[in-house]
Structures are given as structure tokens and as C-alpha cells.
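Take a look at the structure below.
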Amino acid sequence: MGSSVLLAQDKNFYFVFLNTNPDREQLSKPQVDSIQNLHMNNIGRLAKEEKLWAAGPLEGGGGIYIFNAVDQEQTAGWVNTDPAVQANRFNVEIFPYRPMVGSVCRVGEEYEMTTYSMARYEPYYNKENVRAAEKLLFQHQEHMAKLRQTGKVVAEGEFGSKDGRLLVYNDEGLKDLIAKDPAVGAGFMQVTYKKLWIARGSFCEE
């Protein structure tokens, strides 16, 4: 299937994690299916309105959104139109997103889904590592440069100095190299791995 892509230029992106709410109400299958259909319809509406630039489900439940928005407040307003969010099916996290490798592109109505591996880095400060934080951050940045040189990184972006970053890659073998990051080994950077299903071209990859 072919695809048309609209490139990002001077956009403000906000990355949303839809984390499955472990305390969500237990519903019948028809109820869950109904919410899911409304959820998907809302995704389609937000995409057509050029608010939502990328979205995809995650392995084990939940998913991601990437919005082009003025600010976090506007993003939250759009996220809250999601019937699944309204039904308390997800715990929502919203972060400003600055692409460093790749970017965010809107795909056309015809697209092909693909699967990538995703690593979410979250810094963890405590009294044991705070003195070494500057050195560990420097080593982390050096290690990220090594990951880029493998040619296996599809996308990389920062959420902010205290909120970590995202890495999307196309070779599961990269996980072994990620684990060799000194900041990860020291427990300063905690990494969560997921599989992401998303439209090919969402990160402006060919």
C-alpha cells in the first residue's frame, strides 16, 4: 500500500503514553468492544483534524499518541476527548517531545502498519547517584551516539532533561547494546522495553 507523508516543520510535538490502568473497571466484552470502537473513531477524527500526527498500540496494552499542539494544556484537552480515557481505561502521561533522530510525519489515508522495538529511558535520581548524575548523563549521551552509529535507530527524541527520552529501533539485537549504557548499568537510567505497532513513515522513515 502506498503512503503520502506530510513533513514536520517548526512544530511543537507532545508525546502521550496511554498506560493501561490496572484499576480500571471490569467490563463485559461488548462494553470493551464498544469503547474500543469509539476510541478508534476518535483517533481518526483527531488525525483528520491534523491534531494527532501519529498513534499506535503497544505490546501488552496501551499505546502512544504524538500531537502537534500549542502546549501541554491543549494536548491534554485533545487526549480527554478519547472515550477510552474518559472511561478511565488508561493512565495518561504527556511530555513535550523534541525529535533528535527522525521526526514526526503525518501519513496519508493509505498506509502500511509496521512493528518496531521501543525503549523508554527514565532518569532515576536518589541520594546515592545524585553526585554522579552529571558524569552519568555525559556517559549516557556518548553511548546514545554509539547507538545511532549502528544504523538501527529509527527515531530518538527527548522528553526533557528530567523526563528522559525515547528510542525506536528496528533490530531487537540493539537491546544488548542498550544494556551496556553506563547510566543504565548504574541504575541511573531505567529502561522499559515495548513493541510498538505504528504506520510506516510516522517517524519520517522511508
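Please specify each residue of region 11-35 satisfying the condition of being loosely packed, with under 10 Cβ neighbours inside 10 Å and acidic (Asp, Glu).
Across region 11-35, the qualifying residues are ASP23, GLU25.
Exactly one of these conditions fails for ARG120: (1) of a type in the set (Lys, Arg); (2) at pLDDT below 95; (3) within 20 Å of PRO96 (Cα to Cα). Give me its number.
In the conditions (1) of a type in the set (Lys, Arg); (2) at pLDDT below 95; (3) within 20 Å of PRO96 (Cα to Cα), ARG120 misses (2) alone.
Limited to region 94-122, what total is found for residues that are closer than 19 Å to SER202 by Cβ, assigned to a strand (DSSP E or B) and not hydrophobic (A, V, I, L, M, F, W, C)? Spell out the reasoning first.
Filtering region 94-122 for residues closer than 19 Å to SER202 by Cβ gives 94-120.
Subsequent filtering for residues that are assigned to a strand (DSSP E or B) retains 94-101, 106-107, 113-120.
Still in the running and not hydrophobic (A, V, I, L, M, F, W, C): 96-99, 106, 114-117, 120.
Matching residues across region 94-122 total 10.
Answer with yes or no whether PRO99 is within 30 Å of THR150 (Cβ to Cβ) and at pLDDT 95 or above. Give the steps one after another, and end with the answer.
Working: within 30 Å of THR150 (Cβ to Cβ): yes; at pLDDT 95 or above: yes.
Yes; evaluated as a whole, the condition is true for this residue.
For region 162-190, name all the residues that are over 16 Å from LEU137 (Cβ atoms) and charged (D, E, K, R).
Selection gives ASP171, GLU172, LYS175, ASP176, LYS180.
Restricting the search to region 146-182, which residues are under 15 Å from TYR14 (Cα atoms) and acidic (Asp, Glu)?
GLU156, GLU158, ASP163
Looking at GLN190, GLN141, GLN149 in this structure, which one is under 27 Å from ARG106 (Cα atoms), out of contact with any helix residue (DSSP H, G or I) (no Cβ under 6 Å at 6 or more places or on another chain) and among the polar types (S, T, N, Q)? Break it down into steps so the answer makes sense when it comes.
Values: GLN190 fails: under 27 Å from ARG106 (Cα atoms); GLN141 fails: under 27 Å from ARG106 (Cα atoms).
It is GLN149.
Of the conditions (1) aliphatic (A, V, I, L, M); (2) more than 28 Å from GLU49 (Cβ to Cβ); (3) surrounded by 13 or more Cβ atoms within 10 Å (Cβ to Cβ), ALA84 fails just one. Which one is it?
Among (1) aliphatic (A, V, I, L, M); (2) more than 28 Å from GLU49 (Cβ to Cβ); (3) surrounded by 13 or more Cβ atoms within 10 Å (Cβ to Cβ), the lone unmet condition for ALA84 is (2).
Check whether at least one residue in region 123-142 is of a type in the set (A, V, I, L, M) and within 16 Å of GLU205 (Cβ to Cβ), and report yes or no.
no
For residues in region 106-134 being aliphatic (A, V, I, L, M) and surrounded by fewer than 18 Cβ atoms within 10 Å (Cβ to Cβ), which is nearest to GLU50 (Cα to Cα)? Even if it seems obvious, please write down each step before you answer.
To start, the set of residues in region 106-134 that are aliphatic (A, V, I, L, M) comprises 107, 113, 118-119, 130, 132-133.
Going one step further and asking which of them are surrounded by fewer than 18 Cβ atoms within 10 Å (Cβ to Cβ), we end up with 113, 130, 132-133.
Values: MET113: 19, VAL130: 41, ALA132: 43, ALA133: 39 Å.
Filtering first and then ranking leaves MET113.
When the residues of region 47-77 are filtered to those that are part of a helix (DSSP H, G or I) and surrounded by fewer than 19 Cβ atoms within 10 Å (Cβ to Cβ), which remaining residue is farthest from the chain's Cα centre (by Cα)?
Once the filter is applied, the top-ranked residue is LYS48.
If you go through region 1-44 one residue at a time, how many are touching an Asp or Glu at 6+ places or on another chain (Cβ under 9 Å) and at pLDDT below 95?
Qualifying residue count for the region: 6.
Quick check on PHE90: is it surrounded by 21 or more Cβ atoms within 10 Å (Cβ to Cβ), more than 11 Å from TYR14 (Cβ to Cβ) and in contact (Cβ under 8 Å) with a residue 40 or more places away in the chain?
Answer is yes for this residue.
Do the conditions hold for TYR97, that is, is it in contact (Cβ under 8 Å) with a residue 12 or more places away in the chain, of a type in the set (Ser, Thr, Tyr) and more than 17 Å from GLU158 (Cα to Cα)?
no
Here is a yes/no grid of residues against (1) of a type in the set (Gly, Ala, Ser); (2) within 10 Å of SER117 (Cβ to Cβ); (3) modelled with pLDDT of 95 or more; (4) in contact with a Pro (Cβ under 7 Å, 6 or more places away or on another chain):
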position: VAL154; (1), (2), (3), (4): no, yes, yes, no
position: SER161; (1), (2), (3), (4): yes, no, no, no
position: VAL168; (1), (2), (3), (4): no, yes, yes, no
position: LEU177; (1), (2), (3), (4): no, no, yes, no
position: TYR193; (1), (2), (3), (4): no, yes, yes, no
position: ILE198; (1), (2), (3), (4): no, no, yes, no
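The values are calculated or read from the model by the stated rules, or taken from the named source; none is laboratory data. Keep in mind it's a predicted model, so treat the numbers as computed, not measured. All Cβ positions, even for glycine, are placed from backbone atoms using ideal geometry, and neighbour counts span all protein chains on display.
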